[in-house]
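Below is one structure; the comments refer to it alone.
The values are calculated or read from the model by the stated rules, or taken from the named source; none is laboratory data. In this text the structure is predicted, and so the values were computed from the model without any measurement. Here Cβ is always computed from backbone atoms with ideal geometry, including for glycine, and neighbour counts include all displayed protein chains.
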Amino acid sequence: MSENMYFQPEHRPRLNPTYVFRWEKSQDTFVLLYPEGIVKLSASASEILKRCTGESTVADIVAELKDLFVDAADIERSIHRFLEVSHVKGWIGN
Amino acid sequence: MSKAGSAISLDGQGKPMWLLLELTYRCPLKCVWCNNPLDFEKYDKQELSTEEWKRVLHEGRELGALQLGFSGGEPLLRDDLEELVEEAERLGYYTNLITSGVGLTPERLQALKKAGLKQIQISLQSANRSLTNELCGARAHDLKVKVARLIKAEGFPMVLNVPICRQNIDQAEEILALAEDIGVDYLEFANIQYYNWALLNREELLPTREQIEHAEAAVAAARERLGKRMIIYFVVPDYYASRPKACMNGWGTIHLTIAPDGAALPCQEVRVIEGLEFPTVREHSLDWLWNDSPLFKKFRGDEWMQEPCRTCAEKEKDFGGCRCQAFLLTGDAANTDPACAKSPHHYVIEMAVNKARQKHHEPRPLVRRQRGAVTTAFME
């Protein structure tokens, strides 16, 4: 992986405890709730955040999502990009 | 009223994702920019009961509300606050308490934590004792700082909200340092929006452009230094932007406010617009109020727009700005918000800005929010 990436394959990303991540029936999506904020998440983003428990490694997450989204091209890069953005936003840490 | 985090546009698919409960207009403070109505005391005897608020919570969740704010006035003046937080948590809301901090004892903090409260927003008016006390009309500074530290010690995420005006804006560095020392998670430099009490005092409160630029530079430097340790919001006041704010993310799109008397409002200030009816949850279901009441339909979408909004390429971006500001400053709530440089009424904003710049400004006493401070007979 690129050296300037925050997450390496062996890292175990974890949701920042300030954030609440859960399914919201009325919006038919997973949402991220934080002080005065709401983020509605796409299906793939939700699958990634679901696994940011501090237990799965980035490599585990990539492997599991490859099974889930078999048709998605270049999913590994998308996952890394999402993790980096989520980290910058403060949603997840290592 | 724009809040931290609400700056980005959000598609709620027609659901009121943001529910704000103004539990009471009563408050121990007398802030000179209070956004409660000038005749707030009129509502004292009309506050909803615990059971009525619980019904609002229930119906709000059915409608798809997610974020919940307990506000006021000072919501801690309601001794059923803990009970309402508990009910809201049970229903699946993300609960935010928006408070002055006055009355937040260690016992109540623990009870709120136990009830499941997620987050606390506390206001602080400046970085020093005498100015804070002057602006909020009470000896509250030391107490607020103490309470802010208690909130962090109790493990709550915390927003520190500093209403920004001419009197405190030059303290940006000191405020940043104090917030950092307290361990604030989110610091919001909330440039005052000029409605109700703030509008009465606008001439004394509006900062100059130079002051705003200085404060913005201080914020930029702090962001650089602090990274993610403290998120800092600084929204340029609409008087100094050439486009209006996307007020409430559009009328009746995601925000629903319930006033102390149960009136369902598209925003907290909307009762300043004359000629509208404000039905309450006592007579109607929340579903009807949100989806079908004439009030919520009045400025929903863009059918109501006049020129220059009607044909403007940016109307999807700012929704024509704020209806209350359009009414207060131009006399017609369907006009373009005069904060927009394209508005034919933009001169009223420019005049206010020019006045703020005048060097030999003769200061007038600030009008404090209190009973009987102003006569509202002319509003009847």
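Determine if the stretch B:100-116 includes at least one residue that is in contact with a Phe, Trp or Tyr (Cβ under 9 Å, 6 or more places away or on another chain), crowded, with 22+ Cβ neighbours inside 10 Å and polar (S, T, N, Q).
No, the stretch B:100-116 has no match at all.
Hey, any hits in the stretch B:103-117 for a residue that's modelled with pLDDT of 95 or more and under 29 Å from B:Glu274 (Cα atoms)?
Looking for residues that are modelled with pLDDT of 95 or more and under 29 Å from B:Glu274 (Cα atoms), one finds none in the stretch B:103-117, hence no.
Can you name the helices (runs of 4 or more DSSP H) wholly within the stretch B:105-169 that have at least 3 residues being more than 14 Å from chain A (Cβ to nearest Cβ) and either over 29 Å from B:Tyr93 (Cβ atoms) or within 19 Å of the chain's Cα centre (by Cα) (or both)?
The qualifying helices (runs of 4 or more DSSP H) are B:129-136, B:141-153.
Quick grid of which residues meet (1) more than 14 Å from chain A (Cβ to nearest Cβ); (2) out of contact with any Asp or Glu (no Cβ under 6 Å at 6 or more places or on another chain); (3) crowded, with 21+ Cβ neighbours inside 10 Å:
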position: B:Leu176; (1), (2), (3): yes, yes, yes
position: B:Gly183; (1), (2), (3): no, yes, no
position: B:Leu187; (1), (2), (3): no, yes, yes
position: B:Leu226; (1), (2), (3): no, yes, no
position: B:Val236; (1), (2), (3): yes, yes, no
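Return yes when B:Gln46 is within 12 Å of another protein chain (Cβ to nearest Cβ) and among the polar types (S, T, N, Q) and no when it is not.
no
If I ask for residues that are closer than 15 Å to A:Pro9 by Cβ and either exposed (fewer than 13 other Cβ atoms within 10 Å of the Cβ) or among the charged types (D, E, K, R) (or both), which ones from the stretch A:64-76 would you list?
Hits for the stretch A:64-76 are A:Glu64, A:Lys66, A:Glu76.
Which residues, counting only those in the stretch B:304-328, are surrounded by 21 or more Cβ atoms within 10 Å (Cβ to Cβ) and touching a Pro at 6+ places or on another chain (Cβ under 9 Å)?
Answer for the stretch B:304-328, where residues must be surrounded by 21 or more Cβ atoms within 10 Å (Cβ to Cβ) and touching a Pro at 6+ places or on another chain (Cβ under 9 Å): B:Asp318, B:Phe319, B:Gly320, B:Gly321, B:Cys322, B:Arg323, B:Gln325, B:Ala326.
Give me a count of the residues in the stretch A:1-50 that are within 14 Å of chain B (Cβ to nearest Cβ) and not hydroxyl-bearing (Ser, Thr, Tyr).
Counting residues in the stretch A:1-50 that are within 14 Å of chain B (Cβ to nearest Cβ) and not hydroxyl-bearing (Ser, Thr, Tyr) gives 22.
Taking the stretch B:56-88 only, how many residues are more than 11 Å from chain A (Cβ to nearest Cβ) and free of Cβ contacts under 8 Å to residues at least 40 places away in the same chain?
11
Do the conditions hold for B:Lys152, that is, is it of a type in the set (D, E, K, R) and touching a strand residue (DSSP E or B) at 6+ places or on another chain (Cβ under 7 Å)?
yes
Restricting the stretch A:12-46 to residues that are part of a loop (DSSP other than H, G, I, E, B) and at negative phi, which is nearest to the chain's Cα centre (by Cα)?
Top of the filtered list is A:Pro13.
Taking the condition buried (at least 17 other Cβ atoms within 10 Å of the Cβ), over 9 Å from the mean Cα position of the chain (by Cα), modelled with pLDDT of 90 or more and not hydrophobic (A, V, I, L, M, F, W, C), does A:Ser56 pass?
Considered against the rule, which asks whether it is buried (at least 17 other Cβ atoms within 10 Å of the Cβ), over 9 Å from the mean Cα position of the chain (by Cα), modelled with pLDDT of 90 or more and not hydrophobic (A, V, I, L, M, F, W, C), A:Ser56 comes out as yes.
Only residues that are among the acidic types (Asp, Glu) and assigned to a helix (DSSP H, G or I): list them for the stretch A:65-90, please.
A:Asp67, A:Glu76, A:Glu84
Check whether at least one residue in the stretch A:67-85 is more than 30 Å from B:Gly60 (Cα to Cα) and within 14 Å of chain B (Cβ to nearest Cβ), and report yes or no.
Checked the stretch A:67-85: at least one residue is more than 30 Å from B:Gly60 (Cα to Cα) and within 14 Å of chain B (Cβ to nearest Cβ).
Report whether or not A:Leu49 is modelled with pLDDT of 95 or more, in contact with a Ser or Thr (Cβ under 8 Å, 6 or more places away or on another chain) and part of a helix (DSSP H, G or I).
yes
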